[in-house]
Amino acid sequence: QEPHPGRFHRHEKMRIPINLSPAGITAAYLLLVSLLAAVATGAEFDFADTAENTSNVRQFQQQQQSLRGRSNAIDGVSRNLETFQTDIPSYQEILNIFNRNANGRKKKNKRKRENKRKRKNNNDDNNKAKKFEDYTGENEDLGFLWHMWYFKGIKYEQRGTDWCVMCPGKDGCEKDSPVVTNHCNPNNPDMRWEYIHIKNGIGQMKTKHYNLCLEMRDEEKPNVFRLRKCDVDEEGQLFQGLRYDGKFKLHPYKRRFAKLKQCMSMLHHPLAKGEHDGEEIIDQPCHKPERTQTVFWTADFRPEVEEEIGKKNYKCFAKGNQCKECQGECHDDDDCEEDLKCFRRNGDGWRVGVEEGTHPNPWAEIPGCSGMGKYGRDYCYDPNKAYGDAVYSRPKIPS
């Protein structure tokens with residue numbers, strides 16, 4: 001049974017708490033000395049006076065203890081100040097710490113952006129892979145014209161409105177040949193292309209009539225392309241982005257991890273000084289051709305044109321005769337019979353046509369005539385036939 005609270009158990013010894021602090025011991029000692037002195041002298045012992053002395057001693061000791069505590073505190077602060085003064089970093093050290101933290105945040109944010117971009121590119125590739133369908137429409141066997149996308153008022157409009165990618169030179173498509181933009185001629189086999197779809201919206205840009213594919217050549221410059229023998233295992237021959245139902249950006253697959261997304265375009269606006277040259281196709285960060293509006297392409301499956309102008313081209317003016325309808329070469333309306341007029345395509349001087357606002361395309365269609373004729377050759381035509389009644393007419397390009 002538990003003992004009653006406040007009582008000692010009979011088997012336990014009573015313990016009296018004793019204050020063993022220095023002040024308690026001193027007070028007890030003084031009390032004992034005063035008691036012994038009073039006994040020895042026979043004087044009366046004044047407990048109140050002794051208690052008062054003891055209290056004074058205790059207060060003195062407490063004051064001393066307080067002073068020692070303050071002294072210790074002051075010493076501690078002094079030591080901390082000395083330590084702080086010796087351990088404080090310099091301005092450059094603090095700046096380095098902030099720079100390290102800032103660089104760490106920049107790298108972390110850069111990794112986040114790169115991961116986000118890669119995820120977006122992968123999603124875009126997957127979406128393109130789902131949307132991509134092989135072309136099964138009209139003129140499939142001809143291949144397509146790799147055509148620059150055009151809309152009324154586009155920045156390069158003064159230079160012409162009908163531009164295609166082709167192999168330059170009189171010999172046409174050959175190994176190690178670059179590709180350039182020039183005015184479109186649907187009867188030129190060196191302007192016909194086909195897209196060899198491999199997987200996931202990725203494929204090769206192959207010339208229609210030759211076993212040559214466009215390939216990135218790293219050993220020359222990172223953005224230089226040449227025609228090489230087609231090889232599906234060559235990563236430099238892979239491209240992505242092509243579609244048949246509208247405009248598209250074409251990206252070299254080998255540059256998919258570039259810091260800035262790369263697009264196939266040209267260094268400047270399209271340009272052609274003659275029948276066999278043009279502005280070379282390269283790849284560059286997409287924002288550059290976006291500024292000049294030369295970043296989009298279309299796959300143009302326009303048909304070939306039956307060539308009749310060439311059959312009627314007797315060089316009538318050179319023989320001193322007036323030219324009949326769809327005949328040339330004429331220089332002005334006086335070179336044409338009766339009410340016919342000379343349709344000027346300007347040829348090598350097509351820039352004059354640009355300035356005059358006439359016909360900047362040396363392959364421009366001749367109203368009422370079928371065929372392409374000779375590059376830049378001028379032909380007689382009937383002005384009563386509207387320009388839109390020409391047998392050859394460029395089809396409407398999808399938006």
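For the set 194, 306, the ranking by accessible area, highest first and with no ligand, DNA or RNA atoms included, is 306, 194 under a 1.4 Å probe. Each of 339, 162 has its accessible area taken with a 1.4 Å probe; listed largest first, they run 339, 162. Largest accessible area first, the listed residues 269, 276, 331, 147 line up as 331, 276, 269, 147 when surface is computed with a 1.4 Å probe on the assembled protein chains.
Applied to region 198-211, the Karplus parametrisation 6.51 cos²θ - 1.76 cosθ + 1.60 on θ = phi - 60° returns per-residue 3J(HN,Hα) values of 9, 6, 6, x, 10, x, 10, 9, 10, 5, 5, 9, 9, 7 Hz, with x for Gly and Pro. With the convex hull constructed from alpha-carbon coordinates only, region 141-248 shows a mean projected area of 7.9 nm² over all directions. Under a 5 Å amide H cut-off, with hydrogens placed 1.01 Å from N, residue 208 pairs with 192, 193, 194 among residues at least 5 apart or on other chains. Using a probe of 1.4 Å on the protein chains alone, the accessible area found for residue 287 is around 80 Å². Per residue, region 194-343 exposes 50 Å² of solvent-accessible protein surface, assessed with a 1.4 angstrom probe and all protein chains in place. Taking 0.36 nm per residue of separation and subtracting the current Cα-Cα distance, fully stretching the chain between residue 112 and residue 321 would add 67.8 nm.
Backbone phi angles across region 107-115, fed through the Karplus curve with coefficients 6.51, -1.76 and 1.60 (θ = phi - 60°), yield HN-Hα couplings of 5, 5, 5, 5, 4, 4, 5, 5, 5 Hz in residue order; Gly and Pro are listed as x. For region 228-306, the relative contact order comes to 27 percent (Cα pairs under 8 Å, sequence separation of at least 6). Between residue 323 and 336, 337, the built amide H atoms are under 5 Å apart, and every one of these is 5 or more places off in sequence or on another chain.
The values are calculated or read from the model by the stated rules, or taken from the named source; none is laboratory data. Bear in mind the structure is a predicted one, so any value in this text is a computation, not a measurement. The accessibility values were calculated without ligands, DNA or RNA, using every heavy atom of the protein model including side chains. Shrake-Rupley method; radii C 1.70, N 1.55, O 1.52, S 1.80 Å.
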